[in-house]
1. Within segment 34-41, identify whether any single residue is assigned to a strand (DSSP E or B), small (Gly, Ala, Ser) and either within 24 Å of the chain's Cα centre (by Cα) or exposed (fewer than 13 other Cβ atoms within 10 Å of the Cβ) (or both), and answer yes or no.
2. Just one of (1) assigned to a helix (DSSP H, G or I); (2) within 20 Å of Asp178 (Cα to Cα) trips up Val255, so point out which.
3. What number of residues in segment 234-247 are more than 17 Å from the chain's Cα centre (by Cα) and closer than 19 Å to Arg285 by Cβ?
4. Quickly run through segment 294-312 and pick out the residues that are surrounded by fewer than 24 Cβ atoms within 10 Å (Cβ to Cβ) and not aliphatic (A, V, I, L, M).
5. Just a yes or no: is a residue in segment 223-233 at pLDDT below 95 and under 30 Å from Ala308 (Cβ atoms)?
6. Which ones in segment 80-134 are basic (Lys, Arg) and within 19 Å of the chain's Cα centre (by Cα)?
7. Taking segment 275-311, which residues are part of a loop (DSSP other than H, G, I, E, B) and within 29 Å of Ala161 (Cα to Cα)?
8. Just checking, does segment 266-282 include any residue being closer than 26 Å to Val208 by Cα and crowded, with 24+ Cβ neighbours inside 10 Å?
Amino acid sequence: MARIEADVREVHVAVGVIARAGRVLIARRPDHAHQGGLLEFPGGKVEPGETVQAALAREIVEETGLHIPLDSLHPVIGIRHDYGDKRVFLDVWRTDQAQGEAHGREGQPIDWVSPCSLRDEDFPVANRPIIRALKLPFLLPITGSVHTGQAGVQQLYKALANLPEGNRTRLVLLRAPDMAAEDYYSLAESALEVCEAAGAGLMLHGSVAVFDDNPDAAGLHLPWREAKKLKARPVPDGVWLGVSCHDGREIDHAVAIGADYVTLGPLQQTATHPGAPALGWEKFRELVCQAPIPVFGLGGLGAADLEAVQHAGGQGVAGIRYWWPKS
């Protein structure tokens with residue numbers, strides 16, 4: 001069933017991210033249609049009394065000839081957008097088990113493309129968070145207690161060997177809140193080289209000044225104390241911007257300043273913050289359903305919790321314990 005009830009004034013649209021051999025299926029909208037000429041992910045309107053999965057399977061077979069097993073569909077993201085002349089709720093689901101050979105049964109050009117080649121300007125604005133979700137990894141590893149200097153670099157070398165292999169972009173979040181600023185900047189310079197050699201992008205953590213001093217990083221992750229000071233996106237387009245959030249109000253602010261994703265937690269009790277209140281799965285699911293950008297679950301989670309987080313509509317798991325070596 002749909003993860004959230006669509007407002008009756010909106011057009012509820014089922015959208016499919018259909019993956020095969022590391023590529024996803026993309027179609028071009030007819031010139032005479034709304035947002036004509038732009039690319040889109042296949043799908044269509046959910047009819048009254050129809051589940052989003054049933055609607056998606058129906059639309060996909062009508063448009064492309066592919067057959068979608070309903071139990072293979074998993075939620076990706078829900079996006080509400082007002083185009084001015086039209087309001088839509090994009091209810092996005094993914095599958096890698098589509099059966100058959102795809103062809104444009106309605107005369108539309110279709111193609112299998114690599115997610116890394118997708119460009120915002122080629123899609124309707126409402127589709128752009130889907131592109132973020134496709135390019136982001138499912139696991140966002142965060143550094144634990146990290147040493148300064150060469151010892152910290154060696155920790156990172158060791159930890160990177162624990163990262164899972166895969167065809168998704170790999171990112172590492174260098175978090176060291178207790179480290180002096182000059183030590184963090186020095187470590188970040190070395191960490192950039194280490195991560196690049198390992199095929200991973202380095203996300204910096206802290207204030208905007210941290211990124212300004214290391215502009216070659218893959219992006220910046222803002223703790224809430226820094227994000228709440230901002231009124232606009234502080235880094236260029238083309239690099240990642242993440243924000244640590246704990247409730248819906250904070251997620252709304254992250255969206256307003258142009259964040260590409262958020263971490264949300266703590267979802268469960270953690271050993272490092274034993275007294276901190278946990279969101280729990282029900283509240284996590286509710287907040288994810290309302291978020292128009294990808295959400296990583298954080299707090300008390302490991303790689304084994306990835307499926308549960310994704311069933312709740314989350315992008316994946318952010319965490320320390322599953323990859324960072326103990327000191």
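1. Narrowing segment 34-41 to residues assigned to a strand (DSSP E or B): 39-40.
Then keep just the ones that are small (Gly, Ala, Ser); that gives none.
No - not one qualifying residue is present in segment 34-41.
2. (2)
3. So in segment 234-247, the residues more than 17 Å from the chain's Cα centre (by Cα) come out as 234-236, 247.
From what is left, the residues that are closer than 19 Å to Arg285 by Cβ are 247.
Looking only at that region, the number is 1.
4. Initial filter on segment 294-312 (surrounded by fewer than 24 Cβ atoms within 10 Å (Cβ to Cβ)): 299-300, 302-308, 310-312.
Across segment 294-312, the qualifying residues are Gly299, Gly300, Gly302, Asp305, Glu307, Gln310, His311.
5. Taking segment 223-233 first, the residues at pLDDT below 95 are none.
No, there is no match, as no residue in segment 223-233 is at pLDDT below 95 and under 30 Å from Ala308 (Cβ atoms).
6. First, pick out the residues of segment 80-134 that are basic (Lys, Arg): 80, 86-87, 94, 105, 119, 128, 132.
Arg80, Arg94, Arg119, Arg128, Arg132, listed by residue number.
7. Restricting attention to segment 275-311, the residues satisfying the condition of being part of a loop (DSSP other than H, G, I, E, B) are 275-279, 291-294, 299-302.
Result: Pro294, Gly299, Gly300, Leu301, Gly302.
8. no
The values are calculated or read from the model by the stated rules, or taken from the named source; none is laboratory data. As the structure is a computational prediction, the values presented were derived from the model and not from experiment. With ideal geometry, Cβ positions are generated from the backbone for all residues, glycine too; neighbour counts draw on all protein chains shown. These area figures cover heavy atoms from the full protein model, side chains too; ligands, DNA and RNA do not enter into them. Shrake-Rupley method; radii C 1.70, N 1.55, O 1.52, S 1.80 Å.
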